[in-house]
(Lines give C-alpha, C1' and ligand atoms only; values in the text may rest on other atoms or scores of the structure.)
Protein backbone atom coordinates (compact mmCIF):
# COMPACT_ATOMS: atom_id res chain seq x y z
CA UNK A 1 0.00 0.00 0.00
CA UNK A 2 1.62 3.21 -1.14
CA UNK A 3 -0.41 5.80 0.74
CA UNK A 4 -2.70 5.43 3.70
CA UNK A 5 -6.23 5.39 2.28
CA UNK A 6 -7.67 7.70 4.86
CA UNK A 7 -5.45 10.43 3.54
CA UNK A 8 -7.21 10.38 0.20
CA UNK A 9 -10.54 10.83 1.85
CA UNK A 10 -9.39 13.18 4.53
CA UNK A 11 -7.14 15.74 2.97
CA UNK A 12 -9.59 18.01 1.12
CA UNK A 13 -11.56 18.58 4.31
CA UNK A 14 -8.39 18.93 6.36
CA UNK A 15 -7.05 21.52 3.99
CA UNK A 16 -10.08 23.72 4.44
CA UNK A 17 -10.19 23.21 8.18
CA UNK A 18 -6.52 23.83 8.76
CA UNK A 19 -6.47 26.88 6.58
CA UNK A 20 -9.54 28.42 8.11
CA UNK A 21 -9.15 27.44 11.73
CA UNK A 22 -5.55 26.86 12.73
CA UNK A 23 -4.28 29.83 10.83
CA UNK A 24 -6.79 32.30 12.28
CA UNK A 25 -6.10 31.05 15.78
CA UNK A 26 -2.37 31.48 15.41
CA UNK A 27 -2.90 34.87 13.82
CA UNK A 28 -5.21 35.88 16.65
CA UNK A 29 -2.69 34.79 19.22
CA UNK A 30 0.11 36.83 17.71
CA UNK A 31 -2.22 39.78 17.26
CA UNK A 32 -3.18 39.65 20.93
CA UNK A 33 0.41 40.54 21.85
CA UNK A 34 0.27 43.66 19.72
CA UNK A 35 -1.59 46.90 19.56
CA UNK A 36 -3.30 47.74 16.28
CA UNK A 37 -6.14 50.07 15.52
CA UNK A 38 -7.81 49.14 12.27
CA UNK A 39 -9.48 52.49 11.71
CA UNK A 40 -6.17 54.30 11.71
CA UNK A 41 -4.88 53.86 8.19
CA UNK A 42 -1.30 54.61 9.04
CA UNK A 43 -1.15 52.36 12.09
CA UNK A 44 0.83 49.16 12.09
CA UNK A 45 1.29 46.49 14.69
CA UNK A 46 3.04 47.64 17.84
CA UNK A 47 4.38 44.90 20.04
CA UNK A 48 3.14 45.25 23.61
CA UNK A 49 3.79 41.88 25.15
CA UNK A 50 1.19 40.89 27.70
CA UNK A 51 -0.08 44.44 28.13
CA UNK A 52 -3.43 43.64 26.53
CA UNK A 53 -4.05 40.69 28.82
CA UNK A 54 -2.93 42.60 31.90
CA UNK A 55 -5.14 45.49 30.88
CA UNK A 56 -8.15 43.25 30.44
CA UNK A 57 -7.73 41.49 33.73
CA UNK A 58 -6.71 44.39 35.94
CA UNK A 59 -7.65 47.71 34.36
CA UNK A 60 -10.94 46.97 32.68
CA UNK A 61 -13.94 47.03 35.01
CA UNK A 62 -16.29 46.53 32.07
CA UNK A 63 -14.63 43.21 31.37
CA UNK A 64 -15.50 41.90 34.80
CA UNK A 65 -19.00 43.27 34.50
CA UNK A 66 -19.32 41.35 31.23
CA UNK A 67 -18.03 38.24 32.96
CA UNK A 68 -20.64 38.67 35.66
CA UNK A 69 -23.48 39.21 33.21
CA UNK A 70 -22.35 36.21 31.16
CA UNK A 71 -22.14 34.03 34.26
CA UNK A 72 -25.62 34.99 35.42
CA UNK A 73 -27.02 34.55 31.92
CA UNK A 74 -25.41 31.16 31.46
CA UNK A 75 -26.31 29.68 34.82
CA UNK A 76 -29.88 30.91 34.85
CA UNK A 77 -30.81 29.98 31.28
CA UNK A 78 -29.16 26.57 31.28
CA UNK A 79 -30.67 25.61 34.63
CA UNK A 80 -34.19 26.73 33.71
CA UNK A 81 -33.97 25.14 30.28
CA UNK A 82 -32.76 21.89 31.77
CA UNK A 83 -35.45 21.64 34.42
CA UNK A 84 -38.25 22.65 32.05
CA UNK A 85 -36.81 20.43 29.35
CA UNK A 86 -36.72 17.36 31.55
CA UNK A 87 -40.20 17.91 32.97
CA UNK A 88 -41.80 18.56 29.59
CA UNK A 89 -39.91 15.67 27.99
CA UNK A 90 -41.19 13.44 30.73
CA UNK A 91 -44.76 14.53 30.08
CA UNK A 92 -44.36 13.97 26.36
CA UNK A 93 -42.87 10.54 26.92
CA UNK A 94 -46.10 9.49 28.60
CA UNK A 95 -48.03 10.19 25.42
CA UNK A 96 -48.39 7.45 22.90
CA UNK A 97 -49.99 9.10 19.97
CA UNK A 98 -49.03 12.69 19.29
CA UNK A 99 -45.31 12.56 19.87
CA UNK A 100 -44.35 13.17 16.24
CA UNK A 101 -46.60 16.20 15.96
CA UNK A 102 -45.40 17.61 19.26
CA UNK A 103 -41.78 17.20 18.25
CA UNK A 104 -42.36 18.99 14.95
CA UNK A 105 -44.00 21.96 16.64
CA UNK A 106 -41.50 22.14 19.44
CA UNK A 107 -38.57 22.32 17.08
CA UNK A 108 -39.66 25.69 15.71
CA UNK A 109 -38.19 28.09 18.30
CA UNK A 110 -34.73 26.62 18.18
CA UNK A 111 -34.56 26.36 14.40
CA UNK A 112 -35.66 29.93 13.86
CA UNK A 113 -32.91 32.36 13.03
CA UNK A 114 -31.68 33.68 16.38
CA UNK A 115 -31.73 37.19 14.97
CA UNK A 116 -35.38 36.65 14.09
CA UNK A 117 -36.06 35.32 17.58
CA UNK A 118 -34.64 38.60 18.77
CA UNK A 119 -37.06 40.43 16.50
CA UNK A 120 -40.01 38.37 17.63
CA UNK A 121 -39.34 39.14 21.26
CA UNK A 122 -38.59 42.76 20.59
CA UNK A 123 -42.04 42.92 19.13
CA UNK A 124 -43.59 41.14 22.09
CA UNK A 125 -41.75 43.27 24.62
CA UNK A 126 -42.75 46.52 22.96
CA UNK A 127 -44.39 48.56 25.72
CA UNK A 128 -47.27 49.82 23.58
CA UNK A 129 -47.76 47.30 20.81
CA UNK A 130 -46.45 44.14 22.40
CA UNK A 131 -48.48 41.13 23.43
CA UNK A 132 -46.96 40.85 26.85
CA UNK A 133 -47.93 44.22 28.16
CA UNK A 134 -51.30 43.85 26.46
CA UNK A 135 -52.09 40.69 28.38
CA UNK A 136 -50.75 42.14 31.57
CA UNK A 137 -52.98 45.13 30.98
CA UNK A 138 -55.98 42.87 30.55
CA UNK A 139 -55.47 41.53 34.04
CA UNK A 140 -54.82 44.98 35.38
CA UNK A 141 -51.02 45.14 35.65
CA UNK A 142 -49.10 47.91 34.04
CA UNK A 143 -46.25 46.23 32.24
CA UNK A 144 -42.72 47.60 32.48
CA UNK A 145 -40.53 48.70 29.61
CA UNK A 146 -38.94 45.31 29.40
CA UNK A 147 -35.94 45.97 27.24
CA UNK A 148 -35.40 49.58 28.18
CA UNK A 149 -35.40 49.29 31.95
CA UNK A 150 -32.04 48.33 33.45
CA UNK A 151 -33.70 46.25 36.13
CA UNK A 152 -35.70 44.10 33.71
CA UNK A 153 -33.55 43.98 30.60
CA UNK A 154 -31.43 40.97 31.54
CA UNK A 155 -34.43 38.95 32.66
CA UNK A 156 -36.23 39.81 29.43
CA UNK A 157 -33.32 38.59 27.35
CA UNK A 158 -33.11 35.43 29.41
CA UNK A 159 -36.80 34.69 28.90
CA UNK A 160 -36.31 34.96 25.15
CA UNK A 161 -33.39 32.55 25.43
CA UNK A 162 -35.47 30.10 27.43
CA UNK A 163 -38.18 30.24 24.76
CA UNK A 164 -35.62 29.60 22.07
CA UNK A 165 -33.61 26.79 23.65
CA UNK A 166 -35.84 24.80 25.97
CA UNK A 167 -36.96 22.76 22.94
CA UNK A 168 -33.35 21.72 22.49
CA UNK A 169 -33.35 20.25 25.97
CA UNK A 170 -36.78 18.73 25.49
CA UNK A 171 -35.71 16.87 22.35
CA UNK A 172 -32.57 15.47 23.88
CA UNK A 173 -34.22 14.49 27.13
CA UNK A 174 -37.09 12.92 25.22
CA UNK A 175 -34.73 10.83 23.11
CA UNK A 176 -32.94 9.76 26.27
CA UNK A 177 -36.16 8.92 28.14
CA UNK A 178 -37.42 6.90 25.20
CA UNK A 179 -34.26 4.85 25.20
CA UNK A 180 -34.75 3.60 28.74
CA UNK A 181 -35.30 -0.15 28.57
CA UNK A 182 -38.74 -1.27 29.72
CA UNK A 183 -37.76 -4.53 31.43
CA UNK A 184 -36.06 -2.99 34.48
CA UNK A 185 -39.01 -0.63 34.84
CA UNK A 186 -41.54 -3.42 34.70
CA UNK A 187 -39.50 -5.46 37.14
CA UNK A 188 -39.41 -2.48 39.46
CA UNK A 189 -43.16 -2.07 39.30
CA UNK A 190 -43.66 -5.74 40.09
CA UNK A 191 -41.37 -5.35 43.07
CA UNK A 192 -43.60 -2.56 44.32
CA UNK A 193 -41.34 0.43 43.71
CA UNK A 194 -42.94 3.86 43.80
CA UNK A 195 -42.76 6.17 40.76
CA UNK A 196 -40.15 8.30 42.44
CA UNK A 197 -38.02 5.30 43.23
CA UNK A 198 -38.34 4.09 39.66
CA UNK A 199 -37.18 7.46 38.47
CA UNK A 200 -34.26 7.73 40.87
CA UNK A 201 -32.82 4.27 40.53
CA UNK A 202 -33.63 3.21 36.99
CA UNK A 203 -34.44 6.15 34.76
CA UNK A 204 -31.96 8.68 36.11
CA UNK A 205 -28.80 6.56 35.81
CA UNK A 206 -29.74 5.61 32.27
CA UNK A 207 -30.30 9.14 31.07
CA UNK A 208 -27.42 10.65 32.97
CA UNK A 209 -24.97 10.66 30.03
CA UNK A 210 -27.57 12.41 27.91
CA UNK A 211 -28.09 14.99 30.64
CA UNK A 212 -24.38 15.71 30.77
CA UNK A 213 -24.10 16.07 26.99
CA UNK A 214 -27.13 18.33 26.86
CA UNK A 215 -25.91 20.53 29.71
CA UNK A 216 -22.43 20.77 28.27
CA UNK A 217 -23.57 21.70 24.78
CA UNK A 218 -26.08 24.19 26.04
CA UNK A 219 -23.58 25.76 28.45
CA UNK A 220 -21.05 26.26 25.67
CA UNK A 221 -23.63 27.69 23.30
CA UNK A 222 -25.08 29.93 25.97
CA UNK A 223 -21.63 31.29 26.69
CA UNK A 224 -21.28 32.18 23.03
CA UNK A 225 -24.64 33.90 22.65
CA UNK A 226 -24.40 36.92 20.43
CA UNK A 227 -27.12 37.26 17.79
CA UNK A 228 -30.08 37.22 20.16
CA UNK A 229 -28.75 39.83 22.55
CA UNK A 230 -27.37 42.01 19.77
CA UNK A 231 -30.79 42.28 18.17
CA UNK A 232 -32.69 42.65 21.43
CA UNK A 233 -30.66 45.19 23.34
CA UNK A 234 -27.20 45.58 21.80
CA UNK A 235 -25.89 45.08 25.31
CA UNK A 236 -27.93 47.85 26.86
CA UNK A 237 -29.46 49.59 28.56
CA UNK A 238 -26.07 50.72 29.75
CA UNK A 239 -24.17 47.48 30.18
CA UNK A 240 -26.83 45.46 31.90
CA UNK A 241 -27.03 42.85 29.14
CA UNK A 242 -23.51 43.15 27.83
CA UNK A 243 -22.16 39.64 27.71
CA UNK A 244 -18.56 38.81 26.88
CA UNK A 245 -19.14 38.14 23.21
CA UNK A 246 -20.80 41.51 22.76
CA UNK A 247 -18.09 43.32 24.67
CA UNK A 248 -15.39 41.66 22.59
CA UNK A 249 -17.27 42.60 19.45
CA UNK A 250 -17.42 46.20 20.63
CA UNK A 251 -13.65 46.41 21.04
CA UNK A 252 -13.01 44.85 17.67
CA UNK A 253 -15.66 46.42 15.50
CA UNK A 254 -16.70 49.60 17.25
CA UNK A 255 -13.40 50.77 18.69
CA UNK A 256 -11.31 48.82 16.19
CA UNK A 257 -8.63 48.00 18.75
CA UNK A 258 -7.86 44.65 17.16
CA UNK A 259 -5.05 43.61 19.49
CA UNK A 260 -7.13 44.18 22.59
CA UNK A 261 -10.13 42.42 21.07
CA UNK A 262 -7.96 39.49 20.02
CA UNK A 263 -6.66 39.15 23.58
CA UNK A 264 -10.20 39.24 24.92
CA UNK A 265 -11.40 36.62 22.47
CA UNK A 266 -8.51 34.42 23.55
CA UNK A 267 -9.66 34.84 27.14
CA UNK A 268 -13.09 33.64 25.98
CA UNK A 269 -11.50 30.72 24.18
CA UNK A 270 -9.66 29.65 27.31
CA UNK A 271 -12.89 29.91 29.31
CA UNK A 272 -14.81 27.72 26.85
CA UNK A 273 -11.96 25.26 26.77
CA UNK A 274 -12.10 25.03 30.56
CA UNK A 275 -15.83 24.43 30.59
CA UNK A 276 -15.56 21.80 27.87
CA UNK A 277 -12.56 19.99 29.35
CA UNK A 278 -14.02 19.89 32.83
CA UNK A 279 -17.24 18.59 31.34
CA UNK A 280 -15.54 15.90 29.30
CA UNK A 281 -13.43 14.82 32.26
CA UNK A 282 -16.62 14.50 34.25
CA UNK A 283 -18.22 12.42 31.50
CA UNK A 284 -15.33 9.98 31.20
CA UNK A 285 -15.07 9.76 34.97
CA UNK A 286 -18.77 8.98 35.18
CA UNK A 287 -18.70 6.35 32.45
CA UNK A 288 -15.85 4.53 34.15
CA UNK A 289 -17.80 4.06 37.37
CA UNK B 1 -52.49 -2.47 37.83
CA UNK B 2 -55.71 -0.96 36.55
CA UNK B 3 -55.31 1.19 33.52
CA UNK B 4 -58.53 3.12 33.55
CA UNK B 5 -58.87 4.19 37.13
CA UNK B 6 -60.08 7.67 37.91
CA UNK B 7 -56.59 8.71 38.93
CA UNK B 8 -55.21 7.78 35.55
CA UNK B 9 -57.87 9.76 33.75
CA UNK B 10 -57.24 12.92 35.75
CA UNK B 11 -53.55 12.45 35.22
CA UNK B 12 -53.98 12.24 31.47
CA UNK B 13 -56.24 15.27 31.34
CA UNK B 14 -53.88 17.38 33.41
CA UNK B 15 -50.92 16.23 31.41
CA UNK B 16 -52.58 17.02 28.10
CA UNK B 17 -53.64 20.42 29.39
CA UNK B 18 -50.08 21.25 30.41
CA UNK B 19 -48.73 20.05 27.10
CA UNK B 20 -51.20 22.18 25.19
CA UNK B 21 -50.11 25.21 27.20
CA UNK B 22 -46.49 24.37 26.51
CA UNK B 23 -47.09 24.05 22.78
CA UNK B 24 -49.06 27.28 22.81
CA UNK B 25 -46.18 29.03 24.54
CA UNK B 26 -43.74 27.89 21.90
CA UNK B 27 -45.83 28.58 18.87
CA UNK B 28 -47.81 31.71 19.73
CA UNK B 29 -45.00 34.22 19.15
CA UNK B 30 -44.42 32.77 15.70
CA UNK B 31 -48.10 32.92 14.80
CA UNK B 32 -48.16 36.48 16.06
CA UNK B 33 -45.41 37.48 13.70
CA UNK B 34 -47.05 35.86 10.72
CA UNK B 35 -50.39 37.51 11.51
CA UNK B 36 -48.80 40.92 11.97
CA UNK B 37 -47.08 40.62 8.63
CA UNK B 38 -50.50 40.46 7.01
CA UNK B 39 -51.75 43.65 8.59
CA UNK B 40 -51.68 47.04 6.99
CA UNK B 41 -49.28 49.57 8.41
CA UNK B 42 -52.01 51.22 10.38
CA UNK B 43 -53.45 48.00 11.73
CA UNK B 44 -50.04 46.78 12.81
CA UNK B 45 -49.59 49.82 15.03
CA UNK B 46 -53.02 49.59 16.60
CA UNK B 47 -53.07 49.44 20.33
CA UNK B 48 -54.73 47.38 21.75
CA UNK B 49 -53.78 44.89 19.02
CA UNK B 50 -56.40 44.02 16.47
CA UNK B 51 -57.50 40.45 16.32
CA UNK B 52 -59.85 40.81 13.41
CA UNK B 53 -58.46 42.69 10.49
CA UNK B 54 -58.40 42.68 6.76
CA UNK B 55 -55.34 40.77 5.61
CA UNK B 56 -53.09 42.29 2.99
CA UNK B 57 -49.89 41.39 1.24
CA UNK B 58 -48.68 44.95 0.97
CA UNK B 59 -45.83 44.43 3.42
CA UNK B 60 -44.43 41.60 1.36
CA UNK B 61 -44.63 43.64 -1.80
CA UNK B 62 -43.04 46.58 -0.08
CA UNK B 63 -39.95 44.81 1.16
CA UNK B 64 -39.20 43.45 -2.29
CA UNK B 65 -39.78 46.74 -4.02
CA UNK B 66 -38.30 49.26 -1.58
CA UNK B 67 -35.77 47.20 0.32
CA UNK B 68 -34.36 44.94 -2.40
CA UNK B 69 -35.30 41.95 -0.32
CA UNK B 70 -34.93 39.69 -3.33
CA UNK B 71 -31.21 40.34 -3.29
CA UNK B 72 -30.88 39.22 0.29
CA UNK B 73 -32.88 36.07 -0.32
CA UNK B 74 -30.63 35.29 -3.25
CA UNK B 75 -27.49 35.90 -1.21
CA UNK B 76 -28.68 33.78 1.67
CA UNK B 77 -29.64 31.05 -0.71
CA UNK B 78 -26.30 31.08 -2.50
CA UNK B 79 -24.33 31.11 0.73
CA UNK B 80 -26.36 28.37 2.36
CA UNK B 81 -26.49 26.09 -0.65
CA UNK B 82 -22.83 26.60 -1.48
CA UNK B 83 -21.66 26.00 2.05
CA UNK B 84 -23.90 22.96 2.43
CA UNK B 85 -22.72 21.39 -0.80
CA UNK B 86 -19.04 21.86 -0.09
CA UNK B 87 -19.12 20.87 3.56
CA UNK B 88 -21.30 17.83 2.91
CA UNK B 89 -19.07 16.59 0.09
CA UNK B 90 -15.77 17.20 1.84
CA UNK B 91 -17.10 16.24 5.24
CA UNK B 92 -18.65 12.95 4.19
CA UNK B 93 -15.46 11.92 2.45
CA UNK B 94 -13.42 12.80 5.51
CA UNK B 95 -15.89 11.03 7.80
CA UNK B 96 -15.68 7.88 5.71
CA UNK B 97 -11.90 8.01 5.87
CA UNK B 98 -11.96 8.38 9.65
CA UNK B 99 -14.54 5.65 10.11
CA UNK B 100 -13.16 3.00 7.80
CA UNK B 101 -9.44 3.68 7.75
CA UNK B 102 -8.36 4.94 11.13
CA UNK B 103 -4.70 5.72 11.63
CA UNK B 104 -2.64 6.36 14.68
CA UNK B 105 -3.60 9.94 15.23
CA UNK B 106 -7.17 9.67 14.05
CA UNK B 107 -8.75 9.85 17.51
CA UNK B 108 -6.73 12.95 18.16
CA UNK B 109 -7.84 14.44 14.87
CA UNK B 110 -11.43 13.60 15.69
CA UNK B 111 -11.26 15.29 19.07
CA UNK B 112 -9.63 18.31 17.53
CA UNK B 113 -12.50 18.52 15.07
CA UNK B 114 -14.92 18.24 17.97
CA UNK B 115 -13.19 21.04 19.81
CA UNK B 116 -13.73 23.36 16.86
CA UNK B 117 -17.39 23.40 17.62
CA UNK B 118 -16.71 24.93 21.00
CA UNK B 119 -14.89 28.01 19.82
CA UNK B 120 -16.83 31.24 20.01
CA UNK B 121 -17.31 32.79 16.60
CA UNK B 122 -16.01 36.07 17.91
CA UNK B 123 -12.61 34.49 18.43
CA UNK B 124 -12.07 33.63 14.81
CA UNK B 125 -13.91 36.53 13.26
CA UNK B 126 -11.09 39.05 13.56
CA UNK B 127 -8.42 37.08 11.72
CA UNK B 128 -11.01 35.80 9.24
CA UNK B 129 -12.02 39.36 8.51
CA UNK B 130 -8.45 40.39 7.92
CA UNK B 131 -7.69 37.27 5.88
CA UNK B 132 -10.66 37.74 3.60
CA UNK B 133 -9.87 41.40 3.25
CA UNK B 134 -6.38 40.54 2.10
CA UNK B 135 -7.54 38.19 -0.64
CA UNK B 136 -10.34 40.56 -1.54
CA UNK B 137 -13.20 38.26 -0.64
CA UNK B 138 -15.01 40.60 1.71
CA UNK B 139 -18.61 41.15 0.75
CA UNK B 140 -18.50 38.33 -1.79
CA UNK B 141 -20.55 35.17 -1.62
CA UNK B 142 -17.51 33.00 -2.28
CA UNK B 143 -15.83 34.41 0.81
CA UNK B 144 -18.89 33.64 2.88
CA UNK B 145 -19.14 30.12 1.51
CA UNK B 146 -15.52 29.50 2.42
CA UNK B 147 -15.99 30.65 5.98
CA UNK B 148 -19.31 28.84 6.46
CA UNK B 149 -17.82 25.63 5.12
CA UNK B 150 -15.09 25.71 7.72
CA UNK B 151 -17.72 26.34 10.36
CA UNK B 152 -19.94 23.46 9.27
CA UNK B 153 -17.30 20.83 8.48
CA UNK B 154 -16.74 19.74 12.09
CA UNK B 155 -20.39 18.90 12.59
CA UNK B 156 -20.72 17.09 9.27
CA UNK B 157 -17.58 15.05 9.83
CA UNK B 158 -18.44 14.12 13.37
CA UNK B 159 -22.02 13.07 12.68
CA UNK B 160 -21.36 11.27 9.39
CA UNK B 161 -18.51 9.37 10.99
CA UNK B 162 -21.03 8.05 13.50
CA UNK B 163 -23.37 6.99 10.71
CA UNK B 164 -20.62 5.22 8.80
CA UNK B 165 -19.44 3.42 11.88
CA UNK B 166 -22.96 2.10 12.35
CA UNK B 167 -22.99 0.53 8.91
CA UNK B 168 -21.50 -2.99 8.88
CA UNK B 169 -18.39 -3.37 6.79
CA UNK B 170 -19.18 -6.69 5.14
CA UNK B 171 -20.56 -5.42 1.89
CA UNK B 172 -17.73 -3.01 1.31
CA UNK B 173 -15.17 -5.65 2.17
CA UNK B 174 -16.73 -8.03 -0.31
CA UNK B 175 -16.60 -5.36 -2.96
CA UNK B 176 -12.95 -4.62 -2.23
CA UNK B 177 -12.13 -8.31 -2.52
CA UNK B 178 -13.91 -8.35 -5.87
CA UNK B 179 -11.56 -5.66 -7.12
CA UNK B 180 -13.55 -2.53 -6.43
CA UNK B 181 -11.54 0.60 -5.63
CA UNK B 182 -11.88 2.18 -2.21
CA UNK B 183 -13.55 5.23 -3.65
CA UNK B 184 -15.86 2.95 -5.61
CA UNK B 185 -16.82 1.06 -2.48
CA UNK B 186 -17.57 4.37 -0.89
CA UNK B 187 -19.76 5.64 -3.69
CA UNK B 188 -21.59 2.47 -4.54
CA UNK B 189 -22.10 0.84 -1.17
CA UNK B 190 -21.47 2.99 1.87
CA UNK B 191 -22.90 6.23 0.56
CA UNK B 192 -26.32 4.92 -0.51
CA UNK B 193 -26.74 3.37 2.93
CA UNK B 194 -25.89 6.64 4.65
CA UNK B 195 -28.35 8.71 2.65
CA UNK B 196 -30.99 9.23 5.38
CA UNK B 197 -28.38 10.56 7.81
CA UNK B 198 -26.82 12.55 5.03
CA UNK B 199 -30.11 14.17 4.16
CA UNK B 200 -30.73 15.19 7.75
CA UNK B 201 -27.29 16.65 8.25
CA UNK B 202 -27.47 18.47 4.92
CA UNK B 203 -30.72 20.12 5.95
CA UNK B 204 -29.29 21.05 9.34
CA UNK B 205 -26.20 22.53 7.72
CA UNK B 206 -28.36 24.54 5.35
CA UNK B 207 -30.45 25.86 8.23
CA UNK B 208 -27.46 26.77 10.38
CA UNK B 209 -25.90 28.68 7.52
CA UNK B 210 -29.19 30.34 6.59
CA UNK B 211 -29.51 31.52 10.20
CA UNK B 212 -25.97 32.68 10.70
CA UNK B 213 -25.58 36.26 11.81
CA UNK B 214 -22.18 37.35 13.12
CA UNK B 215 -19.98 36.32 10.19
CA UNK B 216 -22.49 37.78 7.77
CA UNK B 217 -22.61 40.99 9.78
CA UNK B 218 -18.88 41.54 9.61
CA UNK B 219 -17.88 39.91 6.35
CA UNK B 220 -20.48 41.48 4.07
CA UNK B 221 -21.71 44.99 3.47
CA UNK B 222 -23.92 45.42 0.46
CA UNK B 223 -23.49 42.96 -2.34
CA UNK B 224 -23.37 39.69 -0.45
CA UNK B 225 -25.43 40.65 2.55
CA UNK B 226 -27.62 37.84 3.81
CA UNK B 227 -31.10 37.87 5.32
CA UNK B 228 -30.33 37.84 9.05
CA UNK B 229 -28.28 40.98 8.78
CA UNK B 230 -30.68 42.62 6.34
CA UNK B 231 -33.31 42.35 9.01
CA UNK B 232 -31.43 45.01 10.94
CA UNK B 233 -32.16 47.44 8.15
CA UNK B 234 -35.73 47.70 9.25
CA UNK B 235 -34.56 48.85 12.62
CA UNK B 236 -32.35 51.71 11.57
CA UNK B 237 -35.16 53.91 10.38
CA UNK B 238 -36.98 56.19 12.75
CA UNK B 239 -38.76 53.69 14.90
CA UNK B 240 -39.34 50.14 13.68
CA UNK B 241 -41.51 49.30 10.73
CA UNK B 242 -43.27 46.31 12.22
CA UNK B 243 -45.36 45.41 9.21
CA UNK B 244 -42.35 45.15 6.94
CA UNK B 245 -40.16 43.53 9.53
CA UNK B 246 -42.60 40.79 10.38
CA UNK B 247 -42.99 40.08 6.68
CA UNK B 248 -39.21 39.74 6.39
CA UNK B 249 -39.12 37.54 9.47
CA UNK B 250 -41.85 35.28 8.07
CA UNK B 251 -40.00 34.77 4.82
CA UNK B 252 -36.86 33.94 6.76
CA UNK B 253 -38.67 31.27 8.71
CA UNK B 254 -39.94 29.49 5.60
CA UNK B 255 -37.02 27.08 4.97
CA UNK B 256 -37.14 26.03 8.57
CA UNK B 257 -40.90 25.55 8.63
CA UNK B 258 -40.76 23.51 5.46
CA UNK B 259 -37.89 21.27 6.44
CA UNK B 260 -38.56 20.44 10.09
CA UNK B 261 -40.70 17.53 9.03
CA UNK B 262 -37.81 16.00 7.12
CA UNK B 263 -35.18 16.60 9.74
CA UNK B 264 -36.89 14.62 12.48
CA UNK B 265 -34.88 11.49 11.92
CA UNK B 266 -31.35 12.69 12.37
CA UNK B 267 -32.17 15.73 14.44
CA UNK B 268 -31.06 14.76 17.91
CA UNK B 269 -28.01 13.10 16.48
CA UNK B 270 -27.08 16.19 14.54
CA UNK B 271 -27.69 18.51 17.46
CA UNK B 272 -25.57 16.58 19.90
CA UNK B 273 -22.75 15.89 17.46
CA UNK B 274 -23.67 12.24 17.39
CA UNK B 275 -23.43 11.78 21.13
CA UNK B 276 -27.05 10.73 21.37
CA UNK B 277 -28.77 8.68 18.72
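The values are calculated or read from the model by the stated rules, or taken from the named source; none is laboratory data. None of these values were measured; they are calculated from a predicted model. In this analysis, Cβ positions are derived from the backbone assuming ideal geometry, glycine residues included, and neighbour counts consider all displayed protein chains.
Descriptive notes on the structure:
- As a summary of the residue check, residue A:9 satisfies the conditions (1) over 27 Å from the mean Cα position of the chain (by Cα); (2) within 29 Å of residue B:109 (Cβ to Cβ); (3) loosely packed, with under 14 Cβ neighbours inside 10 Å except for the one numbered (3).
- Positions within the stretch B:31-53 being buried (at least 16 other Cβ atoms within 10 Å of the Cβ), modelled with pLDDT under 80 and assigned to a helix (DSSP H, G or I), in sequence order: B:43, B:44
- Yes/no for residue B:33 being without any contact (Cβ under 8 Å) to a residue 40 or more places away in the chain and not assigned by TED's automatic domain parsing to the domain that holds residue B:230: no
- Residue B:124 being surrounded by 20 or more Cβ atoms within 10 Å (Cβ to Cβ), closer than 26 Å to residue B:80 by Cα, away from chain A (no Cβ under 11 Å) and in contact with a helix residue (DSSP H, G or I) (Cβ under 6 Å, 6 or more places away or on another chain): no
- Residues being out of contact with any helix residue (DSSP H, G or I) (no Cβ under 7 Å at 6 or more places or on another chain) and either away from every other protein chain (no Cβ under 14 Å) or without any contact (Cβ under 8 Å) to a residue 60 or more places away in the chain (or both) - total across the stretch B:189-198: 3
- Scope the stretch A:216-225; condition without any contact (Cβ under 8 Å) to a residue 60 or more places away in the chain and closer than 16 Å to residue A:72 by Cα; matching residues: A:220, A:221, A:224
- Residue B:138 falls short of the stated requirement of being buried (at least 17 other Cβ atoms within 10 Å of the Cβ), in the same structural domain as residue B:193 (by TED's automatic domain parsing) and part of a helix (DSSP H, G or I).
- Residue ranges of helices (runs of 4 or more DSSP H) in the stretch B:155-240 with at least 1 members farther than 25 Å from residue A:14 by Cβ: B:170-177, B:191-211, B:214-219, B:227-230, B:233-236
- Lone qualifier among B:203, B:261, B:157 - being at the interface with chain A (Cβ under 8 Å from one of its Cβ atoms) and buried (at least 19 other Cβ atoms within 10 Å of the Cβ): B:157
- Filtering B:191, B:176, B:232 for residues that are farther than 26 Å from residue A:248 by Cα and modelled with pLDDT under 85 leaves a single hit, B:176.
- Annotation note: Cβ proximity below 7 Å between a residue of the stretch B:95-117 that is within 7 Å of another protein chain (Cβ to nearest Cβ) and a residue that is part of a loop (DSSP other than H, G, I, E, B) (sequence gap 6+ or interchain) occurs for B:101/A:4; B:103/A:4.
- Of all positions in the stretch B:116-125, at least one carries a residue that is out of contact with any strand residue (DSSP E or B) (no Cβ under 8 Å at 6 or more places or on another chain), modelled with pLDDT of 85 or more and not in a loop (DSSP other than H, G, I, E, B).
- Any hit, the stretch B:68-80, residues being outside any helix (DSSP H, G or I), more than 10 Å from every other protein chain (Cβ to nearest Cβ), at positive phi and surrounded by fewer than 16 Cβ atoms within 10 Å (Cβ to Cβ): yes
- In the stretch A:237-266, the residues that are surrounded by fewer than 19 Cβ atoms within 10 Å (Cβ to Cβ) and within 19 Å of the chain's Cα centre (by Cα): A:240
- When A:231, A:212 are screened for being under 30 Å from residue A:127 (Cβ atoms), at the interface with chain B (Cβ under 10 Å from one of its Cβ atoms) and part of a helix (DSSP H, G or I), only A:231 passes.
- Of all residues in the stretch A:175-191, those that are part of a helix (DSSP H, G or I), within 15 Å of residue A:207 (Cβ to Cβ), more than 8 Å from chain B (Cβ to nearest Cβ) and in contact with a helix residue (DSSP H, G or I) (Cβ under 7 Å, 6 or more places away or on another chain) total 4.
- Check on residue B:213, touching a helix residue (DSSP H, G or I) at 6+ places or on another chain (Cβ under 9 Å), under 25 Å from residue B:76 (Cα atoms) and either outside the structural domain of residue B:90 (by TED's automatic domain parsing) or surrounded by fewer than 23 Cβ atoms within 10 Å (Cβ to Cβ) (or both): no
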